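Below: the structure, in structure tokens.
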Amino acid sequence: MDTADITPTLLNMFGIKYDSRNYVGQDVFYEDRDDFVYFTHGLFYDGDLFYDSGNKVTDENREYINNMILKVNGIMERNKKLTVMLTEEEMTK
């Protein structure tokens with residue numbers, strides 16, 4: 001969950017149709033939403049684990065943390081590309 005999720009969530013709550021591809025965030029009530037909060041520096045909190053680079057990675061949590069880092073990095077990269085695309089689109093109007 002992120003502040004970028006506010007607009008898509010409100011649009012859904014008020015029944016306003018929108019193209020989700022035009023928003024960085026996602027509706028927080030969407031069934032397949034991400035169930036974690038991420039921060040711009042790659043930190044995340046999933047309700048049980050707050051991860052930052054200072055966390056001790058153990059054999060038990062290594063795979064989970066690596067998968068979450070990949071997921072967070074993927075989301076941040078997608079958001080960056082979408083922001084650039086939308087900014088360029090606005091500049092050409």
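The values are calculated or read from the model by the stated rules, or taken from the named source; none is laboratory data. These numbers were taken from a predicted model, which means no experiment stands behind them. In case anyone asks, the SASA skips ligands and DNA or RNA and just uses the protein heavy atoms, side chains included. Shrake-Rupley method; radii C 1.70, N 1.55, O 1.52, S 1.80 Å.
For region 1-45, what does the convex hull of the Cα positions come to per residue, in cubic angstrom?
Hull volume normalised by residue count: 73 Å³.
Compute the length gained on full extension between residue 67 and residue 10: take 0.36 nm times their separation in residues and subtract their Cα-Cα distance, giving the result in nm to one decimal.
Extra length from residue 67 to residue 10 when fully extended: 17.5 nm.
In terms of Cα to Cα distance under 19 Å, which aspartates and glutamates are near enough to residue 17, apart from those fewer than 8 places away along the same chain?
5, 27, 31, 32
With the other protein chains left in place, how much accessible area per residue, in square angstrom, belongs to the chain at a 1.4 angstrom probe?
Counting only protein heavy atoms, the per-residue value for the chain is 77 Å².
Treating each Cα of the chain as an identical point scatterer and ignoring solvent, apply the Debye formula and state log10 I(q)/I(0) at q = 0.18, 0.24 Å⁻¹.
Normalising to I(0) and taking log10 leaves -0.89, -1.25.
Report, to the nearest whole %, how much of the accessible area of the chain belongs to carbon and sulfur atoms, 1.4 Å probe, protein only. Write out the running numbers ahead of the final one.
Numbers: 3930 of 7140 Å².
Carbon-and-sulfur percentage of accessible area, whole number: 55.
Given the DSSP H assignment, sum -39500 (n - 2.57) over each helix run of at least 4 residues in the chain and divide by its residue total; what's the result at 222 nm in deg cm²/dmol, nearest 500? Walk me through the numbers before you get to the answer.
Numbers: 2 runs with 38 residues, N = 93.
About -14000 deg cm²/dmol.
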